[in-house]
Structure formats: C-alpha cells, structure tokens
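FYI, it's all coordinate maths here, none of it is from the lab. Not measured: the values here are computed from a predicted model. Don't worry about glycine lacking a Cβ; one is built from the backbone with ideal geometry, like all the others, and counts go over all protein chains shown.
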Amino acid sequence: MPLSFHHKPGLVVYLTAGDPSLEATTAIAIAAIDAGADVIELGVPFSDPLADGPVIQRASERAVARGTKLSDVLAVARAIRSARPEAGLVVFTYLNPILRYGLTRFADDAKAGGADGVLVTDLIVEEAGDYLREMDRVGLAPVFLAAPTSPDERLEAIAAHCKGFIYAISRTGITGKQSAMTADAAALVARIRRWSTLPVAVGFGISNAQHVAQVAEIADGAVIGSAIVELIERATPETAAEDVARFIKGLQLLAVSS
Amino acid sequence: MASIILPSAPSESRPGRFGIYGGRYVPETLMAALTELEREYELSKADAAFQAELNALLKDYAGRPTPLYFAKRLTEHLGGAKIYLKREDLLHTGAHKINNALGQGLLAKRMGKQRIIAETGAGQHGVATATTCALLGLECVIYMGEVDMARQELNVLRMRLLGAEVRGVSSGSKTLKDAISEAMRDWVTNVRTTYYILGSALGAHPYPTIVRDYQRCISREMKEQILEKEGRLPNAVIACVGGGSNAIGAFYEFIGDRDVRLIGVEAGGRGTALGEHAARFAGGVPGVLQGTFSYVLQDENGQIALTHSVSAGLDYASIGPEHAALHDSGRAEYTAQDDAAALNAVVKLARTEGILPALESAHAIAEAMRVAPKMTPRDILIVNLSGRGDKDMGILAQELKLGTTDQRD
C-alpha cells in the first residue's frame, strides 16, 4: 500500500506541477522522495485557485502560463511512479479541470499514470457521488479535507468516504506559511480519531522542523506545501531539487530526535 | 465539447439545484458556514419582525416600489412595441443591488456577525454593501479588481466615504472573478466572525436562492404595475445578465406566465473570440467556478477564460445557475449585445428620455432597440433599467469623446 507513512510523522510534499517546468517537477519529486517524503501531492495548476494563498497562486499562474495541462500532470505522475515505485502519489486538483477532461477518462488515466489517490479541493462529500464511484471503479483512494469548522456529523461522513489518509486542515484559512501551529489542529485530529482509524495528515501552514515535530505528537503525517513551493520559486531550476531535498531532511531533524 | 459527467447525480429535489445546475463546490472549511446560513435564512423567512424591518427599509430607505415608466419618446423613435422601463436606477445608491444588500445585511445582523465582506465588479454592489454597513453599524471590507477600481473610480471613492475598506485585487484578470476569489479566501480565513454578502445570483447554495429571493420584488412590482397600467402582461421582459441578479429578479414572477418572453442580454464585448466577450451561453460549457455548476467560459483544459466587456458588472466568466437551467429548458432566451451597441444605447436613452443608464443596463436597452421595431404598437416590452450611469462618466467621456467633441445626433 503506497499511501502509508514510514516516518514519524510521515511527510507529504505538495508540488505545483509545471513550476518551473514539467521536467523540474519530476526531478524535484524524486529528490523529495529520496530525502524522506512518503507521499507526493502533485498539484494541477488552475487559473482560479480560491483555496490557495499567494505562494501557490503565483506558482499556479506560472504553470498555467506555461500551458501545463492535466494530461501533462498525469505524465509527470507516470514518470515519478516508474522512477520510485514505492512512494505514495496523490493528484491534488480543483474540480473544473477534471470535469473538462472527463471524469471517467480522468479516473482511468490517473490510475494508469500510477497515482494512488486523488484530492479535489472544492469537492465536498455530498457532491461526490459519481466521483466516488469512479475512484472506486479504478481503485484510486479519494482523500477528503477535514476542517476545524467541520462538525462531528460531517467528520463522520468524511471519514466514511476517505481512503488512504484523511487530510486535516490545521486552521481556518487558505494555504500558506504561519508562525505557529494553532490549537485547532490538535482538537480536529482528536475529533477525527473518533470516526476513523485511517492515518491523519495535518496540512496548511506547516513550514519548519518545529511545526513537523508538533504534528508528530498529534498526527501521522505532515503536509508541506507553500514552504516548498516558495523555495522552488526562489531557487534556480538547476538547484531546486537539491534545495528541496536539503529542506526536507532538515524538517525531520527535530521529530527524529524527540 | 468534452463529456461532462457530474460529480454527483443531479436531482431537482436536492436543495440548491436548478435542474442539473447549482450545488455546492467549496472548500470543506466553508461548509459549516453555508449550512448555518441556509438554516438562518429559512428562519428569517418565517420571522415576521425581520420581514417587517426589511420591508420598511426597502420602502422608506431604498425607495421601493420603483416606478414603471412608459418611455414614450423612445417608443416613438423605434416605432414598434410600447417600451416600459422598470426604474431600479432610481433606488438609493443607484441600482438594484441595494435590495439584496439590505436583506443580507439584516440577515448578518440577525446571525450576530459584525464583520461584512463583499466583492464588487462595477462597484454598485460594493456601494450598496458599504451603505448597508454604515446604516447597520457593521465593519465592511470590499474586494474589487484593480482594473475595475480604475474604470469605476467614482464608486471606489463612494465606498471609502461610507467607511468601507476597499481592497484592490491584482491577481488574474483583476476583475469581478478575481474579486470573488479573494473574498472567498477572506471568508475561509475569517469564517467564524465574518458574513459574506455575495452580490449576484452566483456561488454555492444557498446564495443563488437568497439573492434571487431578495431581488424578486422587481418582477412582483412589474407585474402589478403593468396590470394596472395596461390591464395585461407584457410580451417580453428584457434584462442584462452578468452574474444574473437583476435578470433573475426581473424574470422570476413571470416564469409561470408562458406567454411572456424572458430575454437575458449578455455582454458581447468587442469580438466573438474567447477572451473578447462575456457571452457564456454563446461560448461557454458547463463547469464549476467559485462554488457553483453552471456555464463557464473556459479553454479546452478547463482553465477559466479571460473576459472583456466595457461594463465591469457584466465582465464575468460564469453565470448564475438558475439562468443556466432557464436557458436549457428554453424558458428564457439569452442573447448578446456588444460594447458599441451598449454605448449607442446610452446615448439614445439619454437623448430621447433624459435618462442616463448604467453601461450594464444599456445592454438591455440595446436589445430592446433591436427587437421593438419588429413588434407592433400593441405589443409591450419591459426593460429592467437596473442601474444609473453616473458611475460610468469616466468611461463614457473617454469612449464618446465628450471632452473634445460637441455631441449631437
């Protein structure tokens, strides 16, 4: 089962595919896996990423401007999968690119590309009927978001439909770095545990080793997104993979020693 | 067209669905707030004191009912159907947007939310929201694309004078779509303390229903007024459609009257290529943008297309989901008028009736100018004059070269 966490906590690394290029995304993903990432979240760039903060907005804008298509992202998935068969791979996207591509075709192609799961940012469980059937048909894990504002009855429904892991949002808000973890995250993870035995990964705002160590105390995985996307934005295309690998190794230091 | 498979089986009976359109496509963080809003809105409908307060404000503060005015000189000039104008432009703040802003403002207060956010395109919804917040003593933040801030500067100044903070949005096309995305980002972040007054019949359920309900007073009054003046219903009702709030308000009470044609007018912009207009039914396909499933102008990869219209209020890549359903069922017709036709209609209405329409509403006037001559003097057209054009003087001065040429017919 590739969607599993081998570290404490497991590391989920988000990359906006196509930023700075498709080849670079593949190379960075491989370097991230070799540095200790358990799961790669491969972000499909979208013109209107309303759940994302400025860093991922800029990355999406650059990748869309380069003409990055959903089919390109699935090709990157295939390249990562063939290079690193043991790593977890989740396609992370907004709904509209999937609708335009065709839901059935997307499910087939994502599975063929070697993805283990899919996370659709703007798809809630109540609207996910056909999507869940397609994920089930091809054997992809649907990963849903759980929010601090989700009441218990919603967490129960989310837990019932999630496979692989549950993505717990650390705070109300959009993606982006923050200075300290909020109390929201621990409370949310504790509530999720009442409804599910799946691993729980905490994301949004996790950007340094201290955050990762804090997540290790409450959850199974930590999702690192904007911090890495920003690192790639600042790096040159030649050094990006190396910079990301060094950053990921640094993230694990406090968690491992504690 | 790529095959569209809905993420869930559509059903008429599901709340928030108009045929197959509508629904809720939002980040999970907003779901609790949308559920709370839906519940509180239903409670407010049954709350007599709430309704009495809203009706009193609509009457004494906003100026309802608005007149239904027979445009005699325009009618004579066009030589066809009798043209009536529903004068939403006479409302306080200058457009129909105040109907919805007052309703949702009172709803926010009822829910105990002290901080209000809103998006605006042409600035009319922003001004209406800032006005409502001043009246009710609420904190107000308005998101507006930087392109729109430049072309509707007067409304930016009005909002600031009213005490609102106007936050410019520099992402994407820097217009209405980007202002909505930024407002949604604010709402996701501050959802526990903040009420989002969405200004058009767009977004996730229950917004399209709430906005329509607060705007349906337009068609309710139209119906009473035309029966009083003419003793019969009109042959057609014409309204411009951006997100579609004034149009759904003008159409709604006539939907059951099958002999009344309902004509929505989209922005034809400056050309038919993707990116040059905002005619969703001419160039869009069904998809999801900003919380709802409807027609969306997009490229073959599902990226949302840029749009263009001389009117900021119609310059949007998607359309309210109830319009999508009315389009598919054939109950309403949708057409487009381009920038030049709208500018021409502004001048024509100003010169024949002494009324300066908003550039948005001028698209509806342009359509009336097209269809009226093909009809007989026994036929009746009602045009929803959704807003007045004072806000557009900067654009009009530039486009019509008012500063340099003596403008005569």
*Mind checking which lysines have their C-alpha under 18 Å from residue B:72, skipping anything on the same chain fewer than 8 residues away?*
B:82, B:86, B:229, B:348, B:374
*When a/c is below 1.5 the answer is rounded, else prolate if a/b is larger than b/c, else oblate, so apply that to the range B:99-242 with a ≥ b ≥ c taken from the square roots of the Cα gyration tensor eigenvalues.*
prolate
*Add +1 for every Lys or Arg and -1 for every Asp or Glu among the other residues with Cβ under 15 Å from the Cβ of residue B:179, and state the total.*
-3
_Between the range A:77-132 and the range A:217-253, the alpha-carbon center distance in angstrom_ = 23
*Using helices alone, what [θ] at 222 nm do you get for the protein assembly as shown, with -39,500 (n - 2.57) per DSSP H run of 4 or more residues, divided over all residues and rounded to the nearest 500?*
-13000 deg cm²/dmol
_Fluctuation leader among B:352, B:175, B:194 - chain B, Gaussian network, Cα springs under 10 angstrom_ = B:352
_Inter-part distance where the range B:198-276 and the range B:167-197 are each reduced to a Cα centre, Å_ = 26
*Length released on extending from residue A:21 to residue A:161, taking residue separation times 0.36 nm less the Cα-Cα span*: 47.0 nm
*Please compute the net charge surrounding residue B:165, taking Lys and Arg as +1 and Asp and Glu as -1 over other residues with Cβ under 14 Å from its Cβ.*
0
*Going by how many other Cβ atoms sit within 10 Å of their own, how do B:142, A:30, A:80, A:192 line up, fewest first?*
A:30, A:192, A:80, B:142
*Quick one: compute the contact order of the range A:10-257, relative version, from alpha carbon pairs under 8 angstrom and 6+ residues apart, as a percent.*
22
*Excluding residue B:221 itself, calculate the net charge of residues whose Cβ lies under 13 Å from the Cβ of residue B:221, where each Lys or Arg counts +1 and each Asp or Glu counts -1.*
+4
*Sort B:380, B:319 so the one with the fewest other Cβ atoms within 10 Å of its own Cβ comes first.*
B:380, B:319
*Relative contact order (%) - the range B:95-249, alpha-carbon pairs under 8 angstrom, separation at least six*: 24
_Give the lysines whose C-alpha is closer than 25 Å to that of residue A:249, dropping any in the same chain fewer than 8 places away, or say none._
A:8, A:177
_With a 10 Å cut-off between alpha carbons and a GNM built on chain B, which of B:357, B:377, B:206 moves the most?_
B:377
*Have a look at B:227, B:274, B:68 and tell me which one the Gaussian network model of chain B (Cα, springs below 10 Å) gives the largest fluctuation.*
B:227
_Orientation-averaged projected area, Cα convex hull of the range A:10-257 (nm²)_ = 11.7
*Based on the alpha-carbon gyration tensor of the range B:201-299 and its eigenvalue square roots a ≥ b ≥ c, which shape applies: rounded if a/c is under 1.5, prolate if not and a/b is larger than b/c, or oblate?*
oblate
_D_trans [Stokes-Einstein, Kirkwood Rh over alpha-carbon pairs] for the range B:24-181, 4 °C, 1.567 mPa s, µm² s⁻¹_ = 75
_In Å, descending, principal axis extents of the Cα set of the range B:77-148_ = 53, 31, 15
*May I ask for the distance between the Cα centers of the range B:104-135 and the range A:139-156, given as a whole number of Å?*
31
*Taking the Cβ of each residue in B:166, A:118, A:138 as the centre, tally the other Cβ atoms inside 10 Å and list the residues starting with the fewest.*
A:138, B:166, A:118
*Normalised by the number of residues in chain B, what is the relative contact order in percent for Cα pairs under 8 Å and 6+ residues apart?*
20
*Cysteines, chain B, no other Cys beta-carbon under 4.7 Å*: B:217, B:240
_Cα gyration tensor shape for the protein assembly as shown, rounded if a/c is under 1.5, else prolate or oblate_ = prolate
*Evaluate Rg over Rh across the range B:158-258, taking Cα atoms for both radii and Kirkwood's formula for Rh.*
1.09
